[in-house]
Amino acid sequence: MQVGVSVRSSYDVDARTGARWMVERAQAAADAGLASMFVGDHHATGGGNYYQNVPILGRMLAQWDQRPAGALFLLPLWHPVLVAEQIGTLAALADGPFVMQTAIGGGQSQFDGLGVPLRGRAERFELALDAVRRLLAGETVSDPDGRCGYVFHDARIVPIPSEPVDVWIGASAPPAIDRAARLGDGWLCNADAVPSEAAEQAAIHAERTAAHGRARGVVAIRRDVHVGGDERSAARVAEPIVTGGYRGFRPESFTWGTVEQVADAFHAFADMGFTTVIARQLAADQAEALASIELLGEVARRVA
């Protein structure tokens, strides 16, 4: 099993401080030897500082090396040509493979904020993903009828990534997991799944991948994580966040504890068939988050 990091994008601090913290967390993940680095995607947030994925990842790649890196794109909210252009540039900045994480997205407010209809987004997602992949392969692409949500003609992008861009598709419901099995180079289980749900979803993904005659590729799960030096310090940081209703998640969806406890939890995900854990730090305090990332490197070495 590999352990990567998803660097938290939202901070209730001064704007420049939050951006600096993201860069520091990227450097800590690099120093800890974590296998991959990602940032998320959300729009029209309206509260707290949320750092948009393309510019912040471009800055964070200066702290990274040849290990995979990438960003989440909620594809129905993006023009396919714009996504392909942004990925082409980010892939040129990255020294190693670029991974496009993607999903259909949700939340009426962010769709309204960008003037994009929520209804019909699954079909538009598939059409847009096909267009993005073709553009990244150097093809000239058109959608004169706007079936993917946008009308465009004879689009071609540069730069073209130097190596193929893997696509990991996030999905939770059975039809969405089937779509990920059918179209993705990898599947990404969401962070809100409790272990029993993660096991059920992993089994569905394995069955649907086999049904489509495809190799499973990366089977990843996102987790909100805190690793402490001992049980008491881990509980001091994690328990108030978990019991405070962080993101509306159920307590069982979080992973926290000592290096040994977190490694055991990750081993359990490996037994379910997951190949990768993408860890996002629970701690809001920067010093606590950096210490947790350092210890996460030890977890990664234990589960490798």
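Values (i) 14.8; (ii) 23.8; (iii) 15.9 are given for comparison; mean projected area of the Cα convex hull in nm², derived from the coordinates here, is the one labelled (i).
By the gyration tensor of its Cα atoms, with a ≥ b ≥ c the square roots of the eigenvalues, what is the shape of the stretch 1-105: rounded for a/c under 1.5, prolate for a/b over b/c, or oblate?
Working: a/c = 1.66, a/b = 1.06, b/c = 1.56.
Judged from the Cα gyration tensor, the stretch 1-105 comes out oblate (a/c at least 1.5, b/c at or above a/b).
Answer rounded, prolate or oblate for the stretch 146-187, using the Cα gyration tensor with square roots of eigenvalues a ≥ b ≥ c: rounded when a/c is under 1.5, else prolate when a/b is larger than b/c, else oblate. Note, shape of the stretch 146-187 comes out oblate.
Given the -39500 (n - 2.57) contribution per DSSP H run of 4+ residues, what per-residue ellipticity at 222 nm results for the chain, rounded to the nearest 500 deg cm²/dmol? Numbers along the way, then the final one.
Numbers: 10 runs with 133 residues, N = 304.
Rounded to the nearest 500, the figure is -14000 deg cm²/dmol.
Mind checking which of G18, G248, G120 has the largest fluctuation in a GNM of the chain, springs on alpha carbons under 10 Å? Sorting by GNM fluctuation, first place goes to G248.
A straight line joining the Cα centroids of the stretch 179-223 and the stretch 230-287 runs 21 Å.
Rounded to the nearest 20 debye, the dipole size of the stretch 2-303 about its Cα centre is 380 debye, using +1 on the Cβ of Lys and Arg and -1 on the Cβ of Asp and Glu.
Read-outs throughout are calculated quantities, based only on the coordinates presented, and are distinct from any laboratory measurement. Model, not experiment: these values are computed from the prediction. With ideal geometry, Cβ positions are generated from the backbone for all residues, glycine too; neighbour counts draw on all protein chains shown.
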